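Visitor: One structure coming up, written as structure tokens, with questions to follow.
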Amino acid sequence: MNVYNNLSDLPDFNNAVLTIGSFDGVHGGHQKILERINQLAAENDGESIVITFHPHPRQVIYPNDKSLRLLNSIDEKVTLFEKYGVDNVVVVPFTVEFSQQSADEYIQKFLLEKFNPKYIVIGYDHKFGLNRQGDIKYLKWYSKEKDFEVIEISRHDIDDIGISSTKIRNFLLEGKVKRANNLLNHNYSMSGTVVKGQGIGKNLGYPTANIEIKNSFKLIPLGGIYAVNVIYRDQQYGGMLYIGNRPTLKGFDNQTIEVNIFDFQKDIYGEKLTIEFVDHIRGDEKFENLDGLKDQLGKDKIDSLSILEKENTAKVQVENPKKKSVLPSVAIVILNYNGVSFLKKFLPSVLTSNYENLSIHVADNGSTDTSIPFLKTTFPEVEIIDLKNNHGFAKGYNLALAKVESDYLVLLNSDVEVSQNWIKPIIDLMERDKTIGACQPKIKSYHTKEYFEYAGASGGWIDNLGYPFCRGRIFDKLEKDNGQYNTTSEIFWASGAAFFVRGKLFKALGGFDPDYFAHAEEIDLCWRIKRAGFKVMVKPRSEVYHVGGGTLDYLNPRKTYLNFRNTLFTILKNEPKRKLFWLIPTRLILDGIAGGLFLVQGKFSHIKSILQAHFSFYSSFFSMIKKRKMYNEKIQKISISDKPNRVGIYKGSMVWQYYIKQVKFFKNLK
């Protein structure tokens, strides 16, 4: 799922099917709307879009009203939209100026210009524009003049099923969590940071993590003890939560939220926890002494464990009514542009891949050859994602993968030949170690099979100046494969020619940077994966053969332009700020030296490419700084470590080693 927080950064949506609203709670009624837009998008080869607002409009229009209580923070809401299968979420920064738009301006300048919708799906009582002057009737009238259709969600669909955000809020304030969860169709949750407490729970034998909820508008349920699920770094634990003023203790009258996590010993101060409410056990009570409180906590834990066991049993019965594959799902996505000859030659080997829970997709990047007719007639089992236009490698894959839901995504070049058992070794490795974010097989040359192939070889590294190289390929020097790099190893970047990545991680990190078009986008993504603390690996037991240069020849001046420009982009977005002050000027100087080498070789078009790359870098400098901040925020949300993973960075200079020291093979590096 793609998330957009700035209206100026929106892409051109394909057959947009959109809905608009606050969607507080993303409850069962809202889910009917989401189901409808997803269905329409699928039927029309389009994209589903949810438009929501932050801050909540009431916070802006009535800033002195402190009575507002929200079921979701904006991050919680976005997570739920992803859970219910939405393709895109647009979080509109709600301001006084935005609220002053007339109904006509709202439709013309906002809905039509920004989204060009095919369908707008809204509730029967939806109002918009200054003083709420626009309604669904006006929108339907407007649609007759424009090329879009308005779909109304009727009162029966929303109200008659007895669901409303207000009703859910009231249930929670009364402690009726199970009834609230039934209307939400998921457990009510809240997220916060673990802060220092007084250590009283630890002294009683029930250590607690004190939770600070920074959003002052977040609804806090009725005080007391709750059976809860605790989510910490994507792992779920059982626990019991206390909300209240601690009446048994003297000298404490402020509300506290603290959770005792079962079978948990980690130091998590400063970490983020998500609490899912399962059931309310009892209200906040005052005991005669701490011994009485301790005895009651023992009973509360027994009750909590019993409730959580029943919930987990019921969940398994609901989610697994039939036997499902025990293997995680894998989706191979091949990006194609006028590559019908490659599809004819290499797709048959992909279709023989020996993996049970597998889907195969070809995303067509606006081909003008016979690629799509060929696929439809020859390989009807392959799912076609028609992107209509040539978006390049980076944006093309982003658009395609937004339409694919799978535990693991495999990005495979169309000019790659695979063996039958190339998938399982890598999936087995990634399943054993959940900290592995991405992985690649060993990549060898299709034309000279005893040699490594340029695009990845046996795993990518970078040096201290940001120059990429591989185990088996330094700059243009390719090694013969004699088994010297057959060990499963941690690397810095995995090749985009055959790129395995966790589906949720790819989307959480924002996918590829679409401005790259092609080249180095996988290095940029892997750098973000490593900065979030994950590993990138190579599994040489899995082996594929790559033609290389099938879409853009390695010696093409366009390739040179993308190489120099995108490498500068990657450094600017990922290196520490203090390093950029000397690294960027150094790289620019080294690029000039490279231009001198091209001059000696008579490659004048490549000199022009370097100059164009530098001018593009200068003109894009500030937009890349903004992206740096945006990607940093994404990294922080999913990071599993306080420090970036720097395995795969060579501390020296490959330029020095290769050209001065004459080191041509990875195994000889010191």
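Visitor: What's the whole-number percent of alpha carbon pairs in region 579-652 lying beyond 17 angstrom?
Guide: Result for the distance tail: 64 percent.
Visitor: Tell me, what is the FRET efficiency for ILE593 and LYS661 to the nearest 0.05, using R0 = 22 angstrom and their Cβ-Cβ distance as r?
Guide: The formula returns an efficiency of 0.85 here.
Visitor: Hey, fewest Cβ within 10 Å first, where do SER8, SER353, SER48 land in order?
Guide: Final ranking by Cβ density, sparse to dense: SER8, SER353, SER48.
Visitor: Considering amide H positions built from the backbone, and no H for Pro or chain starts, which residues 5 or more places from ASN14, or on another chain, come under 5 Å of its amide H?
Guide: GLU47
Visitor: Count charges around GLU417 for me, please; just the other residues with Cβ under 14 Å from its Cβ, Lys/Arg as +1, Asp/Glu as -1.
Guide: Residues near GLU417 contribute +2 overall.
Visitor: Something else about it: Can you sort THR19, THR586 by how many other beta carbons sit within 10 Å, fewest first?
Guide: Final ranking by Cβ density, sparse to dense: THR586, THR19.
Visitor: Given the pairs LYS114/LYS626; LYS114/LYS214; LYS449/LYS539; LYS477/LYS667; LYS146/LYS626, which are separated by over 23 angstrom at their Cα positions?
Guide: LYS114/LYS214; LYS146/LYS626
Visitor: Going 7 Å from the Cα of THR166 toward and past its Cβ, which residues in region 124-151 have a backbone nitrogen under 17 Å from where you end up?
Guide: Zone members listed by number: 124-127.
Visitor: Moving to a separate point now. Could you please tell me the mean projected area of the C-alpha convex hull for region 455-530, averaged over all directions and given in square nanometres to one decimal?
Guide: 5.7
Visitor: Moving on to the next point. Amide H to amide H, which residues 5 or more places from GLY123 or on other chains are under 5 Å from it, using H placed in the peptide plane?
Guide: Residues meeting the amide H criterion: ILE153.
Visitor: Return the long-range amide H neighbours of ASN464 (sequence gap of 5 or more, or a different chain), with a cut-off of under 5 Å between placed amide H atoms.
Guide: TYR650, GLY652, MET654
Visitor: Step through the table entries LYS442/LYS634; LYS579/LYS629; LYS109/LYS167, compare each Cα-Cα distance with 23 Å, and write down the pairs that go over it.
Guide: Table pairs above 23 Å Cα-Cα are LYS442/LYS634; LYS109/LYS167.
Visitor: Moving on. To the nearest 20 Debye, how big is the dipole of region 280-419 about its Cα centre, given +1 on the beta carbon of each Lys and Arg and -1 on that of each Asp and Glu?
Guide: Here region 280-419 has a charge dipole of around 400 debye.
Visitor: Shifting gears a bit: Taking the highest mean first, how do the peptides 262-273, 438-449 order by number of other beta carbon atoms within 10 angstrom per residue?
Guide: Averaged packing, sorted descending, gives the order 438-449, 262-273.
Visitor: Also, I was wondering about something else. In whole angstrom, and with the biggest value first, how far do the Cα coordinates of region 166-319 range along each principal axis?
Guide: Projected onto the principal axes, the Cα atoms of region 166-319 cover 44, 33, 30 Å.
Visitor: To continue, here is another question. How big is the shadow of the Cα convex hull of region 547-670, averaged over all directions, in nm²?
Guide: Orientation-averaged projected area of the Cα hull: 10.3 nm².
Visitor: Let me ask something else about it. Please list 3J(HN,Hα) in residue order for region 575-589, calculated via the Karplus relation 6.51 cos²θ - 1.76 cosθ + 1.60 where θ = phi - 60°; whole Hz, with x for glycine and proline.
Guide: Along region 575-589, the couplings run 6, x, 4, 5, 6, 5, 4, 9, 6, 4, x, 4, 5, 5, 5 Hz.
Visitor: Can you give the FRET efficiency for LYS603 and LYS388, using 1/(1 + (r/R0)^6), R0 = 35 Å, r = Cβ-Cβ distance, to the nearest 0.05?
Guide: The computed FRET efficiency comes out at 0.45.
Visitor: What would the Debye formula give as log10 I(q)/I(0) at q = 0.12 Å⁻¹ for the alpha-carbon point model of region 460-586, no solvent?
Guide: Relative scattering, expressed as log10 I(q)/I(0), comes to -0.50.
Visitor: For an R0 of 45 angstrom, estimate the FRET efficiency from the Cβ-Cβ distance between LYS344 and ILE649 and round to the nearest 0.05.
Guide: That pair, LYS344 with ILE649, gives E of 0.65.
Visitor: Using Cβ counts within 10 Å as a stand-in for footprinting exposure, how do ILE136, ILE593 rank, fewest first?
Guide: If I rank by nearby Cβ atoms, fewest first, I get ILE593, ILE136.
Visitor: Debye sum, Cα scatterers, region 2-158, no solvent: what log₁₀ I/I(0) at q = 0.11, 0.12, 0.15, 0.21 1/Å?
Guide: Taken in order of the listed q values, log10 I(q)/I(0) reads -0.40, -0.48, -0.79, -1.69.
Visitor: Next question, about the same structure. For all pairs of alpha-carbon atoms in region 68-184, what percent lies in each bin of width 5 Å, listed from the first bin to the last filled one?
Guide: Bin by bin from 0 Å, the calculated values are 2, 9, 14, 18, 20, 18, 11, 5, 2, 0.
Visitor: Kindly provide log₁₀ I(q)/I(0) values, in the same order as q = 0.25, 0.31 Å⁻¹, from the Debye equation applied to equal alpha-carbon scatterers of region 74-128.
Guide: -1.24, -1.22
Visitor: Same structure again: Which value results for Rg/Rh of the chain when Rg is the Cα radius of gyration and Rh the Kirkwood radius based on the inverse mean 1/r?
Guide: When Rh is taken as the Kirkwood radius, the ratio is 1.00.
No value in this document is a laboratory result; all are computed from the given coordinates. Predicted, not measured: the structure shown is a model, and the values here were computed from it. Ideal geometry is used to build each Cβ from the backbone, glycine not excepted, and the neighbour counts take in all protein chains shown.
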